[in-house]
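Where a number appears in this text, it was derived from the coordinates with a stated rule and is not lab data. Because the structure is a prediction, the values reported are computed rather than measured. Note that each Cβ is placed from the backbone with ideal geometry, even for glycine, and that neighbours are counted across all protein chains shown.
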Amino acid sequence: MIHIKKINEIINGELFGADDYYIKGPCSIINGKENFLTYIKHNKYIKYINTTSASAIIVDKSIDIPEDNKKTILKVDNPSIAFLSFLKYFENTLNVESKYVISNSSKISKTVKMGSDVFIGENVVISDNVQILNNVRIESNSVIEENVIIGDNTIIKSNVVIHKNSAIGKQTKIKSGAIIGSIGFGLVTDSHKKHHHIPHLGKVVIGDNVLVGSNCTIDRGTIDDTKIGDGTKFDNQVHIGHNVYIGENCIIGAQVGIGGSTKIMNNVIIAGQAGVIDNLIIEDNVIVGPTSYVVKSIKKNSYVSGNPARNHKDHVRQDILISKLPEIYKKLFK
């Protein structure tokens with residue numbers, strides 16, 4: 001449990017109401033629970049301030065507190081970010097008993113360089129010349145091959161494979177089943193129609209504060225490296241081909257596939273199940289709609305959708321026109 005004053009300190013808030021009790025954990029505003037903390041992310045939820053069973057509520061500073069309010073109110077600039085800070089702190093308290101443990105069932109090379117306060121779970125295999133920095137957590141059945149670097153405060157969940165020479169930044173999270181640095185799908189076809197696989201000598205470099213979802217695959221480069229920029233987030237089941245460059249603060253939805261050597265710049269959003277062919281350039285601040293098929297490079301600040309992907313407004317107008325074709329046909333040929 002966490003004292004309400006400590007929570008207010010964590011989120012840098014202003015506290016109104018009862019200030020001497022402990023919070024057991026987080027809850028939603030609608031399904032609130034006594035001695036739990038919730039938040040209001042939108043004005044439409046203000047009506048729940050007095051009806052929720054939650055004991056404490058994080059709200060925007062601009063909200064007027066009802067005079068008959070009986071809850072503890074914590075006012076902040078951004079309730080969503082404040083609640084996220086609380087969730088991260090609360091999550092860390094749940095793991096406190098298992099921190100800084102190295103399982104006897106793990107197999108760790110004598111050449112591994114390990115920082116302080118590291119957790120290594122059961123059946124983890126760590127190969128030669130790996131560098132693991134401070135406060136890293138590697139969970140059960142994961143495999144870390146030789147010459148990998150893992151930065152401070154990074155979490156590797158269970159059943160992850162990180163292949164040789166990969167570099168993972170600090171405060172990054174790689175979820176279960178992800179495979180980092182496997183050999184890419186690079187082929188050369190000869191005159192006899194036989195396909196020859198190209199050796200991949202590059203590596204994967206992942207920046208700081210990156211999220212890699214469950215069962216994602218990020219292939220190593222052929223010669224140059226595959227790179228993922230700081231702050232970029234992948235949903236589950238994303239595939240990144242060899243030599244791909246992804247910039248900072250991008251969001252990649254579930255089941256997206258990105259072909260080899262494509263460059264995706266900063267603040268790009270690619271929605272779920274979209275496909276991007278190889279050797280394209282997608283510039284800053286582009287949005288790609290769900291299930292889109294991107295076959296040519298996209299200029300900055302564009303919003304594209306469809307198959308093939310094109311300007312979203314044009315796509316919508318074309319779909320409306322197509323839906324009216326039967327009616328137009330009847331008028332022309334009746």
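Between ILE183 and SER297, how high is the FRET efficiency from 1/(1 + (r/R0)^6) when r is the Cβ-Cβ distance and R₀ = 25 Å? Nearest 0.05. Don't skip to the end; give the middle numbers.
Details: r = 27 Å, r/R0 = 1.06.
Approximately 0.40, to the nearest 0.05.
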Legend entry - Unit charges at the beta carbon, dipole of region 96-212: most positive-side option, SER116, LEU201, ILE155: LEU201
Legend entry - MRE, 222 nm, helices only [DSSP H, n ≥ 4, -39500 (n - 2.57), over the chain, to nearest 500]: -4000 deg cm²/dmol
Inset, instruction - Select one label from [x] 79, 79, 28; [y] 71, 38, 34; [z] 94, 52, 31: the one whose number is Cα extents along the principal axes in Å as derived from the coordinates shown. - result: [x]
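Are there DSSP H segments in the chain that both extend 18 Å or more along their axis (alpha-carbon positions) and score a mean Kyte-Doolittle hydropathy of at least -1.0? List them, or say none. Each step should come with its number before you reach the end.
Values: long enough: 79-94 (22 Å, 0.62).
In the chain, the long hydrophobic H runs are 79-94.
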Inset, instruction - Mind telling me which of GLN171, GLN318, GLN131 comes out most flexible in a GNM of the chain, alpha-carbon contacts under 10 Å? - result: GLN318
Inset, instruction - Determine the dipole magnitude for the chain: charges of +1 sit on the beta-carbon of Lys and Arg, -1 on that of Asp and Glu, nothing else is charged, the reference point is the Cα centre, and the result goes in debye to the nearest 20. - result: 1140 debye
Inset, instruction - Please work out the C-alpha center-to-center distance from region 202-267 to region 16-68 and express it in whole Å. - result: 38 Å
Inset, instruction - Once you have a ≥ b ≥ c as the square roots of the Cα gyration tensor eigenvalues for region 160-315, tell me rounded if a/c is under 1.5, and otherwise prolate or oblate according to whether a/b is larger than b/c. - result: oblate
Inset, instruction - Quick one: dipole size for region 2-94, taken about the Cα centre, charges +1 on Lys/Arg Cβ and -1 on Asp/Glu Cβ, in debye to the nearest 20. - result: 280 debye
Inset, instruction - Considering only DSSP beta bridges where both residues belong to region 2-94, give the percentage that are antiparallel (nearest 5). - result: 35 percent
Inset, instruction - Could you list PHE16, PHE119 in order of exposure, starting from the residue whose Cβ has the fewest other Cβ atoms within 10 Å? - result: PHE16, PHE119
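Order of LEU87, LEU321 from fewest to most other C-beta atoms within 10 Å?
LEU321, LEU87
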Inset, instruction - Arrange PHE333, PHE234 by Cβ neighbour counts within 10 Å, fewest through most, would you? - result: PHE333, PHE234
Inset, instruction - Once you've got the GNM for the chain with C-alpha springs shorter than 10 Å, pick whichever of LYS296, LYS44, LYS313 has the biggest mean-square fluctuation. - result: LYS44
